[in-house]
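Take a look at the structure below.
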Amino acid sequence: MLPRSSTASASSSASSALARCSTLQWMQWSIAFFVVSSVVFLSQISTKLRTQEAVSMIRHNHLRPAPLEEPHQLVRDTVAGFDAAKLYLAKADFKDEQPDFIVIMSGTRPNGEYWCRDCQVAKEPLNQAFTAKSRHHLLVTVGSHAEWVKSSNPFRTDPLFHIDEIPALLRNNGNLNTSVILTGGAFLSDTDMLDAILGPTQMQPAVEQVDTFDGMMSVLEQHQSSGTTSDLFLYFISGSTPSGELWCPFCAKADTPVMLYYEKFASKDAKLLRVVTAATYEDWHRDDNRFRTQTVIEISGLPMLVRVKPHQDQIAFEEFTTFFEETALLKAFFQGEAFA
């Protein structure tokens, strides 16, 4: 049996050794835990980075945001009076900053409304159409009613504009040259017509022109013998002046609306035959004018629009008998709906 002192000493040594062992194990566990935690942490970071990189790549390749569309805006310059309009166009020619179109309206009252009722009716449809297409145009006002009705008014007499009705929409051809597209409130407040004028050109149904009675009959006979069910329209108009305008003023006013509505609403396999009935006003009234003496179709006046009736044993026609300003009926006529 060992002495008590020896036992105590041994016990103290054992306790000290045990303490050192516990401390060492704690440090080893701590180091091991730190290493494992670091590995896990680094692994998570790596995985997260790879995931973010993959997501970024997916977004870059497949979810790239669409480019922002250019906002629609009203691209308009405004001048008052003929002289100011002519000066503007001359300067624009020099700077190569020509507007695409010219809109001619009346002057305004103190409350800001146009004194011309048709101009006021066309105001918002024109603003909306030009804003939607962002087409650069010049707005010209003609002044007071007293100024407008003068026969010497340069808007009426000068070849730059040469109009007799407002509102008016003209195409600017540059070099102080314009061409009238539409006049009158009914046409210039028609959104379909404005959209067709200001929008891009699309595929259009066929148009053919003849200036003889025999030429017209050849087209009619070919259409009848072919057995086709496609629509055929005949559009009787006057000839043109040396400047290119139709000498019949009613034909000149109706020509653009009729052609635009045909191109926009007729079926793509349809055909419109423009029949020039006389080169001049005098030729139209000649007793031997073939279009006035023939009995195939009665020409009630110029312009005249008819549709060849389908599925007939003999050639038969249906005439558009209302005003061309009735654009809803004109649309229906070109779409083949029954017309009375």
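The values are calculated or read from the model by the stated rules, or taken from the named source; none is laboratory data. Quantities reported herein were computed from a predicted structural model and do not represent experimental measurements. Backbone-built Cβ (ideal geometry, glycine too); neighbour counts: all protein chains shown.
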Legend entry - Criterion violated by Ser267 - all others in (1) within 26 Å of the chain's Cα centre (by Cα); (2) under 29 Å from Ile166 (Cβ atoms); (3) among the hydroxyl-bearing types (Ser, Thr, Tyr) satisfied: (2)
Inset, instruction - Might you let me know whether region 225-242 holds any residue that is of a type in the set (Asp, Glu), farther than 16 Å from Ala270 by Cα and either in contact with a Phe, Trp or Tyr (Cβ under 9 Å, 6 or more places away or on another chain) or in the same structural domain as Lys264 (by the TED database) (or both)? - result: no
Legend entry - Qualifying position, being over 17 Å from Gln73 (Cα atoms) and at pLDDT below 95, among Ala90, Ala122: Ala90
Inset, instruction - Evaluate region 165-180: report whether one residue or more is buried (at least 20 other Cβ atoms within 10 Å of the Cβ) and farther than 25 Å from Phe323 by Cβ. - result: yes
Legend entry - Counted residues, region 320-331 - those being surrounded by fewer than 17 Cβ atoms within 10 Å (Cβ to Cβ) and in contact with a Leu (Cβ under 8 Å, 6 or more places away or on another chain): 1
Inset, instruction - Please indicate, with yes or no, whether at least one residue in region 286-305 is touching a His at 6+ places or on another chain (Cβ under 9 Å) and either surrounded by 14 or more Cβ atoms within 10 Å (Cβ to Cβ) or outside the structural domain of Asp192 (by the TED database) (or both). - result: yes
Legend entry - Failed item, numbered, when Asp255 is tested on (1) farther than 18 Å from Ser179 by Cβ; (2) of a type in the set (Asp, Glu); (3) modelled with pLDDT of 95 or more: (1)
Inset, instruction - Give the number of residues within region 278-311 that are touching an Asp or Glu at 6+ places or on another chain (Cβ under 9 Å) and farther than 30 Å from Gln335 by Cα. - result: 4
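Conditions (1) small (Gly, Ala, Ser); (2) under 30 Å from the mean Cα position of the chain (by Cα); (3) farther than 22 Å from Met217 by Cβ, marked per residue:
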site: Leu272; (1), (2), (3): no, yes, no
site: Val276; (1), (2), (3): no, no, no
site: Glu282; (1), (2), (3): no, no, yes
site: Asp287; (1), (2), (3): no, no, no
site: Ile297; (1), (2), (3): no, no, no
site: Met304; (1), (2), (3): no, yes, no
site: Arg307; (1), (2), (3): no, yes, no
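Filter region 84-136 down to residues that are of a type in the set (A, V, I, L, M, F, W, C) and assigned to a loop (DSSP other than H, G, I, E, B) and give me whichever is farthest from Leu198 (Cα to Cα).
If we filter region 84-136 for residues that are of a type in the set (A, V, I, L, M, F, W, C), which is where we start, we get 84-85, 87, 89-90, 92, 94, 101-105, 115-116, 119, 121-122, 126, 129-130, 132.
Restricting the remaining residues to those that are assigned to a loop (DSSP other than H, G, I, E, B) gives 115-116.
Numbers: Trp115: 26, Cys116: 24 Å.
This residue is Trp115.
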Legend entry - Sole exception among (1) surrounded by 13 or more Cβ atoms within 10 Å (Cβ to Cβ); (2) over 19 Å from the mean Cα position of the chain (by Cα); (3) assigned to a helix (DSSP H, G or I) for Ala146, by number: (1)
Inset, instruction - Count, please, the residues in region 131-166 that happen to be among the basic types (Lys, Arg) and at pLDDT below 95. - result: 2
Legend entry - Members of region 198-220 that are assigned to a helix (DSSP H, G or I) and in contact with a strand residue (DSSP E or B) (Cβ under 6 Å, 6 or more places away or on another chain): Met216, Val219
Legend entry - Residue selected from region 221-248 under the condition at pLDDT 95 or above and outside any loop (DSSP other than H, G, I, E, B), by the criterion surrounded by the fewest Cβ atoms within 10 Å (Cβ to Cβ): Ser240
